[in-house]
1. Among the numbered criteria (1) in contact with a helix residue (DSSP H, G or I) (Cβ under 9 Å, 6 or more places away or on another chain); (2) at pLDDT 80 or above; (3) not in a loop (DSSP other than H, G, I, E, B), which one does residue 206 miss?
2. Are any residues in region 136-153 surrounded by fewer than 20 Cβ atoms within 10 Å (Cβ to Cβ), within 16 Å of residue 194 (Cα to Cα) and in contact with a helix residue (DSSP H, G or I) (Cβ under 8 Å, 6 or more places away or on another chain), and if so, which ones?
3. What number of residues within region 123-139 satisfy the criterion of being free of Cβ contacts under 8 Å to residues at least 40 places away in the same chain and out of contact with any strand residue (DSSP E or B) (no Cβ under 8 Å at 6 or more places or on another chain)?
4. Is it the case that some residue within region 192-200 is surrounded by fewer than 21 Cβ atoms within 10 Å (Cβ to Cβ), in a strand (DSSP E or B) and touching a residue at least 40 places away in the same chain (Cβ under 8 Å)?
5. Tell me which of these residue 74 doesn't satisfy, since it passes every other one: (1) in the same structural domain as residue 11 (by TED's automatic domain parsing); (2) in contact with a helix residue (DSSP H, G or I) (Cβ under 8 Å, 6 or more places away or on another chain); (3) in contact (Cβ under 8 Å) with a residue 24 or more places away in the chain.
6. Looking at region 302-332, which of its residues are out of contact with any helix residue (DSSP H, G or I) (no Cβ under 7 Å at 6 or more places or on another chain), modelled with pLDDT of 80 or more and either part of a loop (DSSP other than H, G, I, E, B) or within 24 Å of residue 270 (Cβ to Cβ) (or both)?
7. Restrict the check to region 60-70 and report whether at least one residue is buried (at least 23 other Cβ atoms within 10 Å of the Cβ) and either assigned by TED's automatic domain parsing to the domain that holds residue 193 or touching a residue at least 60 places away in the same chain (Cβ under 8 Å) (or both).
């Protein structure tokens, strides 16, 4: 490690020790401990609020974004050091959101300078919460079949239609959505990428209740919603370019969840609490899962380094998403197995995570679609 990076690590370590509240050093990575931000966000504690404010002031919520857009301007090596030092104290990430994972990268790549200045800093500060308007009742895996339409009314589009499986739409302030703005064009053409205020007249949501009794997903309806022309990202009718780029980041985000490199606690440590490691067969399964997780973490790092070097991830994002999904499902199955019958309760914190992991193989492109991409575009197998 260079002297500059060693000094950077020392600076980050000192800053964390002085600024990360003790309550935020519990290694918690579950949804209940996540700070999502947004206009209506209620902090779970004063410590969570303080932690977000301190990190946002330094640009640490989005460390690699440019400083002028709310980031810290870190390079890839510096970001790795920041995350390593945060994990070393079992620190929580200060903020997580679809704005950070998906919309932010798309805006950085396709947005105008004015759009970046307008939308990115509030995302970095946790002031605006976004949701994703992609899937429709007739356009899931075949996403290019979206039919929610936008009629050109001069200075705005008039949007009508429906989205489904819109995660946290009932809590979001804004939505980034694929809207068909040219109904005569072929499937992948004629789609625009629009940013829509969820408080706009005509926008409504309806929760989709799951077997767990919770409703993280919603149906979202647009009834004569006026969307100003300046709220398009990229070129009119070329929103598919933005959509593909964003999907790459969504798949990378999904692949990095659960038992992967970002997990603060090892699978072995979790099962040890329940006595699950006393069973030899289960202990062997845990070791295999841990080793596969470490190997996958290294693979993720390699592709991130390639992206930093300008090579991009491309179709490999399908491979990462598929493998990350399968690893997370294995992790949750083993956690349930280690707890035995104690885990078979809706009140137990393990059950919701186990159920939620099943959705990983659907969202961001189904596992079947990912395998098709891998076979055709990476392995070059015949159709």
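The values are calculated or read from the model by the stated rules, or taken from the named source; none is laboratory data. This structure is a prediction, so every number in the text was calculated from the model and none was measured. Every residue, glycine among them, receives a Cβ derived from its backbone with ideal geometry; neighbour counts consider all protein chains shown.
1. Only one criterion in (1) in contact with a helix residue (DSSP H, G or I) (Cβ under 9 Å, 6 or more places away or on another chain); (2) at pLDDT 80 or above; (3) not in a loop (DSSP other than H, G, I, E, B) is unmet by residue 206, namely (1).
2. 144
3. First, pick out the residues of region 123-139 that are free of Cβ contacts under 8 Å to residues at least 40 places away in the same chain: 135-139.
Checking which are out of contact with any strand residue (DSSP E or B) (no Cβ under 8 Å at 6 or more places or on another chain) leaves us with 138-139.
Result for region 123-139: 2.
4. no
5. With (1) in the same structural domain as residue 11 (by TED's automatic domain parsing); (2) in contact with a helix residue (DSSP H, G or I) (Cβ under 8 Å, 6 or more places away or on another chain); (3) in contact (Cβ under 8 Å) with a residue 24 or more places away in the chain applied to residue 74, the lone miss is (3).
6. 326 - this is the single residue of region 302-332 that is out of contact with any helix residue (DSSP H, G or I) (no Cβ under 7 Å at 6 or more places or on another chain), modelled with pLDDT of 80 or more and either part of a loop (DSSP other than H, G, I, E, B) or within 24 Å of residue 270 (Cβ to Cβ) (or both).
7. Yes, region 60-70 contains a residue that is buried (at least 23 other Cβ atoms within 10 Å of the Cβ) and either assigned by TED's automatic domain parsing to the domain that holds residue 193 or touching a residue at least 60 places away in the same chain (Cβ under 8 Å) (or both).
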